[in-house]
Structures are given as C-alpha cells and as structure tokens.
Amino acid sequence: MKLGNYAHISISVRSLRESAPFYDKIGFTKVWSSKAPQPWELLTDGSVNIHLYESYFSSPALHYFSAAMDDKIMHLRRLGFNTELHCSKDGTRKQHNFLDPNEVSIMLMHHDGEQMPKPNGVSQSLLGTFGELSINTDNLKASLLFWDKLGFRQTMTSERPYSWSILTDGVITIGLHQTAILSAPALSYFAANVAERLEQLERNSIPIMHELRNESGVIEGAILCAPDRQLFALLQGS
C-alpha cells in the first residue's frame with residue numbers, strides 16, 4: 001500500500017518572509033503560493049518538493065496526496081492506525097494526520113496527486129541531490145515495523161557507524177538512524193564535491209551549523225539550519 005501517488009515535505013515556518021530567502025539561496029524555486037487560509041509556498045529544487053506553511057504543526061511532515069485517500073484511511077484503521085481528521089472551514093479540504101514512533105507527522109490529503117507538480121528529476125540545489133528525509137530514532141526495530149506496515153521497503157541497512165536503514169515506498173525515501181548525532185529530522189543531500197559546495201554556500205552567505213569530519217579530520221559534509229530551524233545535511237556521496 002502506498003499512502004499516495006504524490007508526496008512533498010511540509011515545513012512549519014513562523015514567517016515566510018524570514019524563511020523564503022534561505023530556500024532561494026540553496027536552490028529552491030517557487031511553484032505555487034497563496035495567502036489562504038494562511039500564507040504558504042510550494043517550492044522545488046528539481047529533486048524534491050517542499051511546502052512552507054506559515055502555521056504551527058509538527059514539522060517536517062510527510063504530506064501525501066491521493067484521490068482514493070478514503071480507501072487508504074479505512075485500510076490504515078484495519079491495520080490499527082489511528083488518524084485525526086482535519087477539515088477546512090468551508091469543507092472543501094480534508095486531511096488525516098498521524099505520527100510515527102519518533103513523532104514525525106504524516107499528513108494524508110484527500111486530493112488527487114496527479115494534479116500536483118512533480119520534481120523534474122534534475123537537481124538545482126547547491127547541496128547536491130536530495131537523498132532522504134533522515135529520521136532520528138531510539139528504537140530502529142520498532143520504527144522499521146511501523147514503516148513496513150505503510151508499504152515502505154528497506155533498500156540498505158547497516159550497523160556501522162551505528163544502526164541505520166534506508167527505506168522507500170517508491171514515492172519518497174526516508175532514512176532511520178539510531179544515533180544521538182542526529183538531533184532532529186533532516187533533509188539529507190548527497191554530492192561528490194562537498195568541499196566545492198561548502199565554498200559556494202559560504203559565498204552565498206549561508207551559515208554552516210557544524211562541519212562533519214572523518215577520522216582523519218577531512219571534511220565530508222555539513223549540517224545547515226534554516227531560519228525555521230529545519231535541518232539540512234550535505235553528505236559525501238553521489
């Protein structure tokens with residue numbers, strides 16, 4: 001079972017005016033925007049879409065869309081999931097929410113995902129190519145059981161340098177990381193030329209929260225923090 005045929009990552013922001021310039025600097029462009037019911041913008045960097053919403057909710061959230069969401073909700077309830085219904089004041093928008101074991105919000109929008117603009121697959125981000133939504137967990141086994149029920153399948157797993165697994169449902173990829181190194185969920189990007197990209201970020205006046213170094217002291221990545229406190233990871237890879 002897929003939760004939807006389209007998904008983006010929704011991020012709660014205090015102020016679009018404060019947050020939007022950061023996303024513009026790292027390579028996101030605006031696709032849609034509106035001021036109702038609260039100001040929001042849908043952005044893309046070619047490899048992933050994110051939704052900045054000027055409203056408080058558990059963030060970041062995986063936001064799925066499907067015209068057959070009623071059937072999916074019924075199936076989830078048969079599996080033992082409890083979802084909370086939210087409706088717009090005019091009754092035109094309906095959404096069910098629930099949390100994973102690590103307090104990551106999953107939002108299920110009753111709306112045809114085929115009408116949503118999908119990333120073109122060509123990354124324009126200064127951070128490289130989006131790889132996963134990295135989720136910190138205290139119990140990898142319990143988290144794997146939860147996501148398995150939602151149709152996610154493991155593509156990679158390891159015990160080094162700590163226990164972790166990569167999963168996908170064919171719509172979006174998540175990484176479950178049982179480590180204290182990751183303090184909150186992060187949007188993780190991979191690039192072969194990390195040093196060059198860090199120099200570019202510095203030229204664009206984008207602050208680095210901290211650098212990631214290997215045992216020899218060589219920089220292999222970095223953690224960035226958006227004005228809305230959303231974490232981004234730039235990691236060595238392709």
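The values are calculated or read from the model by the stated rules, or taken from the named source; none is laboratory data. None of these values were measured; they are calculated from a predicted model. Note: ideal-geometry Cβ built from the backbone for every residue, glycine included; neighbour counts use all protein chains shown. Surface accessibility is based on the protein's heavy atoms, side chains included, excluding ligands, DNA and RNA. Shrake-Rupley method; radii C 1.70, N 1.55, O 1.52, S 1.80 Å.
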query: Is it true that GLN124 is more than 15 Å from HIS8 (Cα to Cα) and open to solvent by less than 100 Å² (accessible area, probe 1.4 Å)?
result: yes
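Yes or no, residue by residue, for (1) under 27 Å from LEU85 (Cβ atoms); (2) modelled with pLDDT of 95 or more; (3) open to solvent by less than 40 Å² (accessible area, probe 1.4 Å):
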| residue | (1), (2), (3) |
| --- | --- |
| PRO101 | yes, yes, no |
| MET109 | yes, yes, yes |
| LEU133 | yes, yes, yes |
| LYS141 | no, yes, no |
statement: Listed by range, strands (runs of 3 or more DSSP E) wholly within region 174-238 having at least 3 residues that are surrounded by 21 or more Cβ atoms within 10 Å (Cβ to Cβ), acidic (Asp, Glu) and in contact (Cβ under 8 Å) with a residue 24 or more places away in the chain are none
Hits in region 54-70 (condition: out of contact with any helix residue (DSSP H, G or I) (no Cβ under 6 Å at 6 or more places or on another chain), open to solvent by 40 Å² or more (accessible area, probe 1.4 Å) and in contact (Cβ under 8 Å) with a residue 12 or more places away in the chain): TYR56, SER58, SER59, ALA67, ASP70
statement: Log entry, pairs with first residue in region 11-35 being without any contact (Cβ under 8 Å) to a residue 12 or more places away in the chain, second being small (Gly, Ala, Ser) and open to solvent by less than 20 Å² (accessible area, probe 1.4 Å), beta carbons closer than 7 Å, six or more apart or on different chains, reads none
Search result, residues across region 71-91 that are under 26 Å from GLN38 (Cα atoms) and open to solvent by 100 Å² or more (accessible area, probe 1.4 Å): GLU84, LYS89, ASP90
task: Taking only region 143-166 into account, find how many residues are open to solvent by 40 Å² or more (accessible area, probe 1.4 Å) and in contact (Cβ under 8 Å) with a residue 40 or more places away in the chain.
output: 1
